[in-house]
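Values quoted throughout were computed directly from the atomic coordinates according to the rules given, and no laboratory measurement underlies them. Keep in mind it's a predicted model, so treat the numbers as computed, not measured. Cβ atoms come from the backbone with ideal geometry, glycine included; neighbour counts cover every protein chain shown.
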Amino acid sequence: MEVFIEKDYEEISRKGAEIVAEEMKKKPENFVLGLATGSTPVGLYKELIRMHKEEGLDFSKVTTFNLDEYCGLAPDHEQSYHYFMDENLFNHINIDKKKVHVPDGMAEDPEAFCQEYEKMIVEAGGIDLQVLGIGGDGHIAFNEPGSSLGSRTRVKTLTQETIEDNARFFENIDNVPKYAITMGVGTIMEARICLLLANGAKKAEVLAKAVEGPITAEVTASMMQLHRQAIVIIDEEAGARLKRKDYYKHVEKMADLLKKKK
Ligand code: GLP
């Protein structure tokens, strides 16, 4: 796992976007990008939009798969993750909307839909890079504590903590959906690169558990430790509880030195 500790939110967004753009350019014909919602990746999406507008970063051949969606919310519902993605990214770049995939919260047969979603990911060639945030209870996507670490896309019941965390996006807490369709931990682990972002003191404790604690279904983000290419980009506040903070900074410095020598 590579851990980058940056000065602030702006820096993690910039570094995250740089990595995404770099990977996109390696596969200009068929890049598959996994996307996340929540407030954390908004800055990264802003930076990608800037790169598209100012530097011509091309999304026309990119296929995307979002991690999750609330059950019962249609794509045009203002609190749906589909709407969030339109507003924060898709409407501002040259993406082909036919290549955009967000789980269908209105699926009549959610189980069948989940299997279909898995199939679509495979048919697209698998996810090249998956953007991730981390929930207050250590979840990735909506893989709540206790989720099987081998789980696939399915319907999950949200924990009270997640409902409370996400209530800020709704008029009142009773409007927060109780279920979601989410990629499984196993699905996410198949992405070639996992890029997890976190910022703010609120995430410090859970982030330390995910990065340096035991691998456990209690903190599904801890599965990143088993991933062959997991990149974690955090700000100083989110990194405050990491035991090996100085080592991660040292590694980054050494890698920079090596680059300069080349
Ligand atoms: C939701 C999403 C997650 C996201 C988490 C954290 O639960 N399903 O994918 O990582 O929120 O959100 P935020 O970035 O707003 O802290």
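Excluding same-chain neighbours fewer than eight residues apart, the aspartates and glutamates reachable from K209 by a Cα-Cα span under 18 Å are E2, D137, E144, E161, E218, D235, E236, E237, D246. Straight-line reach from K46: taking Cα to Cα under 24 Å and skipping same-chain neighbours fewer than 8 places apart, the lysines in range are K7, K15, K25, K26, K27, K61, K97, K98, K99, K202, K203. Take the convex hull of the alpha carbons in the stretch 2-261; its mean projected area over all directions comes to 13.4 nm². Once the Cα-Cα distance is subtracted from the 0.36 nm per residue extended length, the S148 to K98 segment shows a gain of 14.9 nm. Under the simplified labelling scheme, the Q79-E55 pair shows an inter-label distance of 3.7 nm, with each label point 7 Å from Cα along Cα→Cβ.
R0 = 25 Å: FRET efficiency of R14 with L258, Cβ-based, nearest 0.05?
0.70
Take each peptide in 174-183, 59-68, count the other Cβ atoms within 10 Å of every residue, and average; sorted highest first, the result is 59-68, 174-183.
Taking the average, over residues, of other Cβ atoms within 10 Å as the packing measure, peptides 198-208, 16-26 rank 198-208, 16-26 from highest down. With N as its number of residues, the stretch 74-140 has a Cα radius of gyration that, divided by 2.2 N^0.38 Å, comes to 1.23. Helical runs assigned H by DSSP (4 residues or longer) give the chain a calculated mean residue ellipticity at 222 nm of -11000 deg cm²/dmol, each run adding -39500 (n - 2.57) before division by the residue total. Counting only DSSP beta bridges whose two residues both lie in the stretch 2-261, roughly 25 percent are antiparallel. Take the Cα of E205, step 7 Å toward its Cβ, do the same at Y179, and the gap between the two points is 3.2 nm.
Averaged over residues, the count of other Cβ atoms within 10 Å places the peptides 185-194, 44-53 in the sequence 185-194, 44-53, highest first.
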